[in-house]
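Here the structure comes first, spelled out in structure tokens, and everything after it is commentary.
The values are calculated or read from the model by the stated rules, or taken from the named source; none is laboratory data. All values derive from a computational prediction rather than experimental measurement. No Cβ is skipped: glycine too gets one built from the backbone with ideal geometry, and neighbour counts run over all protein chains shown. Keep in mind that these areas ignore ligands, DNA and RNA; they rest on the heavy atoms of the full protein, side chains included. Shrake-Rupley method; radii C 1.70, N 1.55, O 1.52, S 1.80 Å.
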Amino acid sequence: MHSSMASRRLAVLAGLAVASVTLLTACGTTSGPSGSSTAAAALGDREGTVSILAWPGYVEDGSNDPAVDWVTPFEDETGCMVDSKTYGTSDEAFTLMKSGDYDVVAASGDASLRLVAAGDVAPVNVDLIANYAGIFDFLKMQAWNSVDGVSYGIPHGYGANLLMYNTDAFPEAPTSWDVVFDRASENAGKVTAYDSPIYIADAAVYLMTHKPELGITNPYALDETQLAAAVELLKVQRGSIGEYWSDYLKEIQAFETGDSVVGTTWQVIQNSVTTGNTKVVLPEEGATGWSDTWMIAANAKSPNCAYAWLNYIAGPEANAQATEYFGEAPSNLAACEFRSAGSCESFNAGDEEFASKIWYWSTPIAECLDGRTDVQCTDYSAWTTAWQEIKG
């Protein structure tokens, strides 16, 4: 990875890492989605403007870096002038969407269903989006971007929370998360973990394989007993943690100095470690991860330009630019033709077997996401309380 590109990507990711702690702490959603509104049956004349709400790095027009601009070509092609605003947390995006000022929002899995449930976004008629056909099937019609068989958006990019390890400490590549859980004491003081309540789901993924008697089938759907088991596992792990990370620079530095030798990471971070003695692996138990969705406001003032944006950003060239700049796999296979050499391979783009092992971030709610109706699941307020207890 070119160092300047890495710096730009990681600068974006740094803000999101810190933001995720805040947004998940604030989230207290307890009920499930109930879709509303109807999808457009046909497109009309474009309105000439479109207002977009998105994470930093998703709507670049050259103002941050003259060499990074996929907005101007969209404006030239469609006649829809873009007015964009970035947000720092999913809670902020959720609140801003209620203003009615935005036509399009890029939503992560911890916000998308809340937007649907609140009636703030509309179903999307994918037949009106030509580039939808090129999107990987394994990202379409998933729990975080559809409700009852109705699409509520267009997949943008995705990534996994991987296991990074120091090859000097691990001459043989680890194959299990046990090196940061049941075997963490072997590297006491040099284990690192993501600093957020959402990390409880990583423990739940591990328990799905190693404690099947708990009956966990979805790491974001934990009843009180299941949550208690995950918390206990993380409390034991706490004794071996050198530091929790949310600042990407600290994780890079810790691995480069040897203060950390194993822990959770993102591919884009591992790509930026300069010592050459770190590798990443997707463990046999699977991993958590993320997949973002472009959604259209239920009362969009510019619905035709909104559809034009969704079609454009899902196209190979724009999808390539946006996802490579951010540091994630594209949602469109053809995008790999427009990314730098080795980029798609680095992020396992299009590897369906790899993607099937990822549990994409979703906000836990009381209505169990695994479909259970005989028990109430723990919501994120309970996870936040538990995380504070784990860290002491």
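Just the protein heavy atoms count here, and of the accessible area of the chain at 1.4 Å, carbon and sulfur take up 48 percent. Over the chain, dividing the summed -39,500 (n - 2.57) contributions of all DSSP H runs of at least 4 residues by the number of residues returns a 222 nm mean residue ellipticity of -9500 deg cm²/dmol.
For Ala107, what charge total do you get from the other residues with a beta carbon under 13 Å from its beta carbon, if Lys and Arg give +1 and Asp and Glu give -1?
Net of charged neighbours comes to -4.
Of the DSSP H helices in the chain, those that are both long (alpha-carbon extent of 27 Å or more along the helix axis) and hydrophobic (Kyte-Doolittle mean at least 0.0) are 3-26.
In the chain, the DSSP beta bridges split such that about 60 percent are antiparallel, to the nearest 5.
Kindly rank 244-251, 149-156 from highest to lowest mean number of other beta carbons found within 10 Å of each residue.
Taking the mean over residues of other Cβ atoms within 10 Å, the ranking is 149-156, 244-251.
Measuring with a 1.4 angstrom probe and ignoring ligands and nucleic acids, Met208 comes out at about 50 Å² accessible.
The lysines whose alpha-carbon is closer than 29 Å to the alpha-carbon of Lys85, local same-chain residues fewer than 8 away aside, are Lys98, Lys140, Lys250, Lys301.
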